Amino acid sequence: METRTNFYNTNGIQLQVVQAGPEDGKVILFLHGFPEFWYGWEKQLRIFSEEGWLAVAPDQRGYNLSTKPEGVEAYTIDELTRDIAELIPQLTDRKVVLVGHDWGGAVAWNLALHHQDLLEKLVILNMPHPQVIHHHLTHNPKQMLRSWYAGFFQLPWVPETLNSSFDFKLLESTLTRSAQPNTFTEQDLEIYKEVWRQPGALEAMINWYRAYKYNPIEPGHKIEVPTLMLWGKQDQFLGTELAQPSIDQCLNGQLIFLEEATHWLHHEQPDEVNKLILDFLRV
C-alpha cells in the first residue's frame, strides 16, 4: 500500500494526516482512539484505498507528530471536534464517511451532533453515544468499575510515570491483555512505543481523559446521519449493555455485534469489519 503524509493547519494546530487511494476519490475518514495513532487503521486504509476511496487517517491532537498543546482544557471534546470539522473541508468539497473507534468514536459522535452537514454516513466502533456513556459512568456500578482507569488518569503526573516505566510495560500489557492473542505483533508494539516516546505525547494522550470533566453533556437531538455501530462483545472496557441505547439515539441506525471480538475489533477481525462497513456504504 502506498501512503502519503501531509500536514494540515486546523483549529490553531497542525495535524499529521496519512492518506491512501485516489486524490479524487470519495473520502472515508478514520479517527483513532487511545493509545493508538493513524497506524491503528492500516488494515482499513489498504482495503478502502483499493476499493477506490480516498482513505484518510489523522493523528489527532496530542498524538505522534501532531501538535500537542499544553493544558488539559486544550483537549475538550469541542476542541477535538473542531480539529476535524476544520480538516474535512480541506480534504474534499463533498460529504465524507466518518469512522471512529474509542475516543475517535467520541469525536465522531460529536461531529454528527454538531456538524452533520459534513457527513454522509457515520460508523462507530465500540464507543457509546456521549449521553449513554455519561449515564452509565454515573449510574452503572459495573461500568464504573470497568472504567476505573479513567479516574486514575485524573491524577497529575502519576499516570505518565507508571505508563512509561519499564519501556511502557503497563501500556503494552493493557493492549495485549485486552485483545485476542497475537492481535498486536512485536513489530506493532515497537511502532506504538516509538510514538508514545514523542516529547509530551503521553501527557497529551492522557489529557483527553482529564478534559472529560469539561465536556458538556446536554440533551441533544437524535443523530440524523445514517449510522452503523459495530461492537465487539468481549470488550473489557465498555459493557455490551451500552450499545443498544446508543444506536437508539440514531434515527437511522444499525447495530451489529461481533461475538468473539474485543475492544480492538478492527485489528482482530479486519476482513469482517471492512466487509460490514463496505456493505453499509453500498446501501
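The values are calculated or read from the model by the stated rules, or taken from the named source; none is laboratory data. Small disclaimer: the values here were computed from a predicted structure and weren't measured. Please note: Cβ atoms are built from the backbone with ideal geometry, for glycine as well, and neighbour counts cover all protein chains shown.
Identify all residues within segment 54-74 that are over 14 Å from the mean Cα position of the chain (by Cα), farther than 23 Å from Met1 by Cα and not hydrophobic (A, V, I, L, M, F, W, C); write none if there are none. Walk me through it before giving the result.
Residues of segment 54-74 over 14 Å from the mean Cα position of the chain (by Cα): 54-55, 64-74.
When the remaining residues are screened for being farther than 23 Å from Met1 by Cα, the result is 67-74.
Listed by number, the residues that qualify are Thr67, Lys68, Pro69, Glu70, Gly71, Glu73.
Restrict the check to segment 236-243 and report whether at least one residue is in contact with a Phe, Trp or Tyr (Cβ under 7 Å, 6 or more places away or on another chain) and more than 27 Å from Lys142 (Cβ to Cβ).
No, every residue in segment 236-243 fails to be in contact with a Phe, Trp or Tyr (Cβ under 7 Å, 6 or more places away or on another chain) and more than 27 Å from Lys142 (Cβ to Cβ).
Please list, ordered by first then second residue, the pairs with beta carbon atoms under 9 Å, 6 or more apart or interchain, first in segment 53-76 and assigned to a loop (DSSP other than H, G, I, E, B), second surrounded by fewer than 24 Cβ atoms within 10 Å (Cβ to Cβ) and at pLDDT below 95.
Close Cβ pairs satisfying both conditions: Thr76/Tyr212; Thr76/Tyr214; Thr76/Asn215; Thr76/Pro216.
Inspect all residues belonging to segment 252-268 and state whether any of them is charged (D, E, K, R) and within 22 Å of Leu80 (Cβ to Cβ). Please lay out each step first, then the result.
Of all residues in segment 252-268, those charged (D, E, K, R) come to 259-260, 268.
Subsequent filtering for residues that are within 22 Å of Leu80 (Cβ to Cβ) retains none.
No - not one qualifying residue is present in segment 252-268.
Check segment 4-15 and report whether any residue there is surrounded by fewer than 23 Cβ atoms within 10 Å (Cβ to Cβ) and under 21 Å from Asp271 (Cβ atoms). Steps first, answer last, please.
Initial filter on segment 4-15 (surrounded by fewer than 23 Cβ atoms within 10 Å (Cβ to Cβ)): 4-14.
In the following step, the residues that additionally are under 21 Å from Asp271 (Cβ atoms) were identified as none.
Scanning segment 4-15 turns up no residue that is surrounded by fewer than 23 Cβ atoms within 10 Å (Cβ to Cβ) and under 21 Å from Asp271 (Cβ atoms).
Name every residue in segment 179-217 that is closer than 21 Å to Gln131 by Cα, among the hydrophobic types (A, V, I, L, M, F, W, C) and touching an Asp or Glu at 6+ places or on another chain (Cβ under 9 Å), in order of residue number.
From segment 179-217, those closer than 21 Å to Gln131 by Cα are 207-217; that's our starting set.
Okay, now just the ones that are also among the hydrophobic types (A, V, I, L, M, F, W, C), so 208, 211, 217.
The answer is Ala211, and nothing else.
When segment 27-54 is examined, which residues are found to be among the charged types (D, E, K, R) and under 29 Å from Tyr75 (Cα atoms)?
We begin by selecting, within segment 27-54, every residue among the charged types (D, E, K, R); these are 36, 42-43, 46, 50-51.
Those that are among the charged types (D, E, K, R) and under 29 Å from Tyr75 (Cα atoms): Glu36, Glu42, Lys43.
So in segment 154-173, with the set limited to residues that are assigned to a helix (DSSP H, G or I), under 22 Å from the mean Cα position of the chain (by Cα) and free of Cβ contacts under 8 Å to residues at least 60 places away in the same chain, which one is surrounded by the fewest Cβ atoms within 10 Å (Cβ to Cβ)?
Start the filter on segment 154-173 by keeping residues that are assigned to a helix (DSSP H, G or I), which leaves 158-173.
In the following step, the residues that additionally are under 22 Å from the mean Cα position of the chain (by Cα) were identified as 159-160, 163-164, 168, 170-173.
Retained after the next criterion (residues that are free of Cβ contacts under 8 Å to residues at least 60 places away in the same chain): 159-160, 163-164, 168, 170, 172-173.
Details: Pro159: 21, Glu160: 18, Asn163: 20, Ser164: 18, Phe168: 19, Leu170: 12, Glu172: 19, Ser173: 10.
That would be Ser173.
Restricting to segment 122-142, give me the number of residues that are surrounded by fewer than 20 Cβ atoms within 10 Å (Cβ to Cβ) and either of a type outside the set (Val, Ile, Thr) or in contact (Cβ under 8 Å) with a residue 24 or more places away in the chain (or both). Let's see the steps before the verdict.
Kept after step one, since they are surrounded by fewer than 20 Cβ atoms within 10 Å (Cβ to Cβ), are these residues of segment 122-142: 131, 134-135, 137-142.
In the following step, the residues that additionally are either of a type outside the set (Val, Ile, Thr) or in contact (Cβ under 8 Å) with a residue 24 or more places away in the chain (or both) were identified as 131, 134-135, 137, 139-142.
Residues flagged as surrounded by fewer than 20 Cβ atoms within 10 Å (Cβ to Cβ) and either of a type outside the set (Val, Ile, Thr) or in contact (Cβ under 8 Å) with a residue 24 or more places away in the chain (or both) within segment 122-142 amount to 8.
Might you let me know whether segment 128-140 holds any residue that is closer than 23 Å to Glu23 by Cα, of a type outside the set (A, V, I, L, M, F, W, C) and more than 16 Å from the chain's Cα centre (by Cα)? Quick ask: steps written out before the conclusion?
Start the filter on segment 128-140 by keeping residues that are closer than 23 Å to Glu23 by Cα, which leaves none.
No - not one qualifying residue is present in segment 128-140.
How about segment 222-262: which of its residues are more than 17 Å from Leu175 (Cα to Cα) and assigned to a loop (DSSP other than H, G, I, E, B)? Before the answer, list the steps.
If we filter segment 222-262 for residues that are more than 17 Å from Leu175 (Cα to Cα), which is where we start, we get 222-231, 239-259.
Of everything in segment 222-262, those that are more than 17 Å from Leu175 (Cα to Cα) and assigned to a loop (DSSP other than H, G, I, E, B) turn out to be Lys222, Glu224, Val225, Pro226, Gly239, Asp248, Gln249, Leu251, Asn252, Glu259.
Would you confirm, using the coordinates I've provided, whether Ser147 is under 21 Å from the mean Cα position of the chain (by Cα), closer than 26 Å to Asp78 by Cβ and among the hydroxyl-bearing types (Ser, Thr, Tyr)? Even if it seems obvious, please write down each step before you answer.
On the way: under 21 Å from the mean Cα position of the chain (by Cα): yes; closer than 26 Å to Asp78 by Cβ: yes; among the hydroxyl-bearing types (Ser, Thr, Tyr): yes.
It is true that Ser147 is under 21 Å from the mean Cα position of the chain (by Cα), closer than 26 Å to Asp78 by Cβ and among the hydroxyl-bearing types (Ser, Thr, Tyr).
Quick check on segment 141-161. Is at least one of its residues within 16 Å of Gly40 (Cα to Cα) and touching a His at 6+ places or on another chain (Cβ under 9 Å)? So that I can check it myself, show each step before the final result.
Within segment 141-161, the first condition is being within 16 Å of Gly40 (Cα to Cα), and the residues that meet it are none.
For segment 141-161, residues within 16 Å of Gly40 (Cα to Cα) and touching a His at 6+ places or on another chain (Cβ under 9 Å): absent.
Please indicate, with yes or no, whether at least one residue in segment 188-201 is acidic (Asp, Glu), closer than 20 Å to Phe237 by Cβ and in a helix (DSSP H, G or I).
Quick first cut of segment 188-201, residues acidic (Asp, Glu) only: 188, 190, 194.
Now drop any that are not closer than 20 Å to Phe237 by Cβ, which leaves 188.
Keeping just the survivors that are in a helix (DSSP H, G or I) gives 188.
Looking for residues that are acidic (Asp, Glu), closer than 20 Å to Phe237 by Cβ and in a helix (DSSP H, G or I), one finds at least one in segment 188-201, hence yes.
Checking Asn182 against (1) part of a helix (DSSP H, G or I); (2) modelled with pLDDT of 95 or more, only one condition comes out false. Which one?
That leaves (1) as the condition not met.
With respect to Ile206, is the statement that it is buried (at least 19 other Cβ atoms within 10 Å of the Cβ), out of contact with any helix residue (DSSP H, G or I) (no Cβ under 9 Å at 6 or more places or on another chain), under 18 Å from Gly105 (Cα atoms) and not hydroxyl-bearing (Ser, Thr, Tyr) true? Lay out the reasoning, then the answer.
Working: buried (at least 19 other Cβ atoms within 10 Å of the Cβ): yes; out of contact with any helix residue (DSSP H, G or I) (no Cβ under 9 Å at 6 or more places or on another chain): no; under 18 Å from Gly105 (Cα atoms): yes; not hydroxyl-bearing (Ser, Thr, Tyr): yes.
For Ile206, the condition - buried (at least 19 other Cβ atoms within 10 Å of the Cβ), out of contact with any helix residue (DSSP H, G or I) (no Cβ under 9 Å at 6 or more places or on another chain), under 18 Å from Gly105 (Cα atoms) and not hydroxyl-bearing (Ser, Thr, Tyr) - is not met.
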